[in-house]
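The values are calculated or read from the model by the stated rules, or taken from the named source; none is laboratory data. It should be emphasised that the depicted structure is a prediction, and the values quoted were computed from it without experimental measurement. Virtual Cβ from ideal backbone geometry, glycine too; neighbours counted across all protein chains shown. When the accessible area is computed, the model is the full protein with side chains, heavy atoms only, and any ligands, DNA or RNA have been set aside. Shrake-Rupley method; radii C 1.70, N 1.55, O 1.52, S 1.80 Å.
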Amino acid sequence: MTVEFQNVAIIGAGAMGRGIAQIAAQAGSQVWLFDTQEGASAKACEALGQTWDKLADKGKLSTEAVATNKARLHQANTLKDLAGCQLVVEAIVEKIEIKKAVFAELEKVVAADCVLVTNTSSLSVTAIAAGMQHPTRFAGYHFFNPVPLMKVVEVIAGLKTDAAVCQRLSTFARQMGHTPVQAQDTPGFIVNHAGRAYSTEALRIVSESITDFATVDRILRDQVGFRLGPFELFDLTALDVSHHVIEAIYRQYYDEPRYRPNVITAQRLAGGVVGKKVGEGFYNYVDGVQQVPAEPAVPVVENMPPVWVSPRAARRSELLQLLKDLGAKIETGASPSPEALTIVAPLGFDVTTVAVVDRHDPARTIGIDMLVPDSDTKRRVLATNPATRADIRDAAHALFSRDGKPVSVIRDSGGFVTQRVVASIVNIASDMCQQRVCTPQDLETAVTLGLAYPMGPLAMGNRYGPDSMLEILFNMQTVYGDPRYRPSPWLRRRGAIGLSLMQEE
């Protein structure tokens with residue numbers, strides 16, 4: 001099979017450029033590496049050669065393949081050396097004027113049918129193409145680090161991009177062993193756009209003093225199945241990258257509340273506490289090893305009060321069965337006795353609101369998050385309200401810990417932790433579909449491959465119920481009065497009539 005682009009140039013010899021060069025050479029292209037820094041191209045070619053040698057040592061490449069790949073790799077000393085290339089991939093600093101200047105020079109060198117692409121993660125493809133002689137042959141080609149392992153690439157059409165160019169880029173991505181997804185030229189494209197809810201909602205939770213960084217991470221890993229908690233992820237990507245992406249998308253969407261940044265990352269960035277690479281972020285690192293604070297001990301409670309469960313509790317029958325299995329003494333009256341531990345399980349509302357509206361004694365009322373079936377989660381989450389007595393809090397903590405499943409106790413929050421993060425993820429993804437940023441299928445593919453979520457955001461919404469997502473968002477909007485939580489029309493309409501969130505019109 002003939003490779004789509006036989007002669008490919010990579011501008012930028014950093015980790016991203018080297019990664020793209022590696023997979024392009026392995027696909028069968030002749031690859032030229034260019035960097036304005038003296039000696040950078042030579043070092044990059046040497047590093048790639050060592051990478052292939054190591055793969056051969058591990059039995060993942062033959063010695064013949066290594067020799068072939070090395071022979072396909074070339075150093076370019078000037079832009080003029082790229083004149084014969086059919087595709088040029090720019091992977092340099094995220095500054096639009098520098099990128100525009102590079103492409104202006106390239107257009108003087110390459111043929112009129114040479115495809116030019118940018119690996120930008122946050123800048124407008126259309127804006128970079130502005131002023132080009134042939135903007136129809138220009139597109140975004142966004143890879144993710146480390147390129148050989150992150151198997152998704154966003155193919156972004158600018159306002160004037162020829163559709164055939166995107167088709168060729170998609171074909172080439174597949175030849176390189178990657179999965180292409182098509183995106184419109186909108187802030188953050190697919191992956192960085194869809195990922196806004198996970199990080200910004202987690203920051204908002206901590207900024208409200210609901211709980212701490214480590215507890216948020218534990219809850220989202222154990223209740224939903226995320227591989228990394230949001231603050232672990234921040235430490236891995238580093239705030240000197242992540243914070244600027246958050247701010248860029250927020251500003252490019254003209255201060256859309258759904259993407260609102262948080263002062264926590266701004267302050268920590270200013271203080272240099274940016275993540276694992278400096279040994280200090282949301283966690284401390286000793287010799288590169290994350291230092292995780294111990295969980296609070298389960299209280300010892302000698303006299304367990306009887307338990308009464310609100311008739312309006314989410315998954316009430318499941319909750320009652322769980323309490324029976326835990327050996328609780330359950331009250332069945334129309335209202336709790338003066339001694340009872342009152343359990344509520346709201347969707348979107350906080351414990352305080354439910355206690356007041358339903359006329360429960362706040363001092364004896366505790367909330368539990370039942371969005372995720374208890375059988376599907378590795379952790380239970382309880383929430384107090386400002387009036388909850390310490391003995392009631394400890395009794396609930398001890399009771400729900402009886403079978404050994406970890407329990408996190410947080411302060412009052414509309415939507416606990418999981419509900420508000422999951423609903424926000426689903427809502428932003430739904431609105432991306434409403435805006436036609438991409439197809440629902442490409443969105444799911446991009447997020448599962450690019451962000452390693454346990455499932456795509458639309459599949460997540462379907463699993464926990466579009467109607468439940470709507471209820472959470474409407475109720476959170478009531479609690480907080482914030483347009484951040486207004487439901488997307490895509491979600492609202494499909495939730496109202498019982499359609500899958502993957503359903504297109």
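When THR36 is tested against (1) under 23 Å from VAL241 (Cβ atoms); (2) free of Cβ contacts under 8 Å to residues at least 24 places away in the same chain; (3) part of a helix (DSSP H, G or I), exactly one condition is not met: (3).
Suppose we keep only residues that are in a loop (DSSP other than H, G, I, E, B) and open to solvent by less than 50 Å² (accessible area, probe 1.4 Å) within the range 73-85. Which one would you say is farthest from TRP52 (Cα to Cα)? Of everything passing the filter in the range 73-85, ALA83 is farthest from TRP52 (Cα to Cα). Considering ARG359, ARG402, ARG389, the condition of being surrounded by fewer than 22 Cβ atoms within 10 Å (Cβ to Cβ) and farther than 18 Å from VAL301 by Cα is satisfied by ARG359 alone. Pairs linking a residue in the range 144-173 that is in contact (Cβ under 8 Å) with a residue 40 or more places away in the chain to a residue that is acidic (Asp, Glu), with Cβ atoms under 7 Å and 6 or more positions apart or on different chains, are ARG168/GLU4; THR171/GLU4; PHE172/GLU4.
Here PHE416 meets each of (1) within 20 Å of LEU228 (Cα to Cα); (2) part of a loop (DSSP other than H, G, I, E, B); (3) open to solvent by 10 Å² or more (accessible area, probe 1.4 Å) with one exception, condition (3). Within the range 47-70, one or more residues are among the polar types (S, T, N, Q), surrounded by 18 or more Cβ atoms within 10 Å (Cβ to Cβ), outside any loop (DSSP other than H, G, I, E, B) and at pLDDT 95 or above. The set of residues in the range 153-172 being farther than 13 Å from GLY19 by Cα, open to solvent by less than 60 Å² (accessible area, probe 1.4 Å) and either aliphatic (A, V, I, L, M) or out of contact with any helix residue (DSSP H, G or I) (no Cβ under 8 Å at 6 or more places or on another chain) (or both) consists of VAL155, ILE156, ALA157, ALA164, VAL165, CYS166, LEU169, SER170, THR171. ALA101 meets each of the listed conditions (1) among the small types (Gly, Ala, Ser); (2) open to solvent by less than 50 Å² (accessible area, probe 1.4 Å); (3) part of a helix (DSSP H, G or I) apart from (2).
Name the single residue that is surrounded by the most Cβ atoms within 10 Å (Cβ to Cβ) among those in the range 250-260 being touching a Lys or Arg at 6+ places or on another chain (Cβ under 9 Å) and in contact (Cβ under 8 Å) with a residue 40 or more places away in the chain. Once the filter is applied, the top-ranked residue is TYR259. Checking the conditions here, which among ALA238, ALA194, ALA266, ALA202 is small (Gly, Ala, Ser) and at positive phi? Result of the check over ALA238, ALA194, ALA266, ALA202: ALA238.
Given the structure, is PHE231 in contact with a helix residue (DSSP H, G or I) (Cβ under 7 Å, 6 or more places away or on another chain) and either assigned to a loop (DSSP other than H, G, I, E, B) or touching a residue at least 12 places away in the same chain (Cβ under 8 Å) (or both)?
Working: in contact with a helix residue (DSSP H, G or I) (Cβ under 7 Å, 6 or more places away or on another chain): yes; either assigned to a loop (DSSP other than H, G, I, E, B) or touching a residue at least 12 places away in the same chain (Cβ under 8 Å) (or both): yes.
In short, yes.
Looking only at residues of the range 195-228 that are part of a helix (DSSP H, G or I), within 13 Å of the chain's Cα centre (by Cα) and among the aliphatic types (A, V, I, L, M), we find that the one that is farthest from ALA294 (Cα to Cα) is ALA197. Is it the case that THR2 is modelled with pLDDT under 95 and within 28 Å of CYS166 (Cβ to Cβ)? So THR2 fits the description; yes. Scanning the range 425-440 for residues that are in a helix (DSSP H, G or I) and open to solvent by 10 Å² or more (accessible area, probe 1.4 Å) yields ASP431, GLN434. Among residues of the range 43-56 that are without any contact (Cβ under 8 Å) to a residue 12 or more places away in the chain, those with a beta-carbon under 7 Å from a residue that is buried (at least 16 other Cβ atoms within 10 Å of the Cβ) at least six positions away or on a different chain give the pairs LEU55/LEU61; ALA56/VAL66.
The residues listed here are LEU458, LEU443, LEU449; of these, the one that is within 26 Å of GLY140 (Cβ to Cβ), of a type in the set (A, V, I, L, M, F, W, C), touching a Lys or Arg at 6+ places or on another chain (Cβ under 6 Å) and not in a loop (DSSP other than H, G, I, E, B) is LEU449. Selection over the range 474-494 of residues that are closer than 21 Å to ILE205 by Cα, in a loop (DSSP other than H, G, I, E, B) and open to solvent by less than 60 Å² (accessible area, probe 1.4 Å) gives a count of 2.
Filtering the range 81-97 to residues that are among the basic types (Lys, Arg) and either touching a strand residue (DSSP E or B) at 6+ places or on another chain (Cβ under 8 Å) or at pLDDT 95 or above (or both) leaves nothing.
Among the conditions (1) touching a Ser or Thr at 6+ places or on another chain (Cβ under 9 Å); (2) closer than 29 Å to VAL351 by Cα; (3) among the hydroxyl-bearing types (Ser, Thr, Tyr), SER317 misses just one, which is (1). Those strands (runs of 3 or more DSSP E) of the range 247-335 in which at least 3 residues are in contact with a strand residue (DSSP E or B) (Cβ under 6 Å, 6 or more places away or on another chain), considering only elements entirely within it, cover 307-309.
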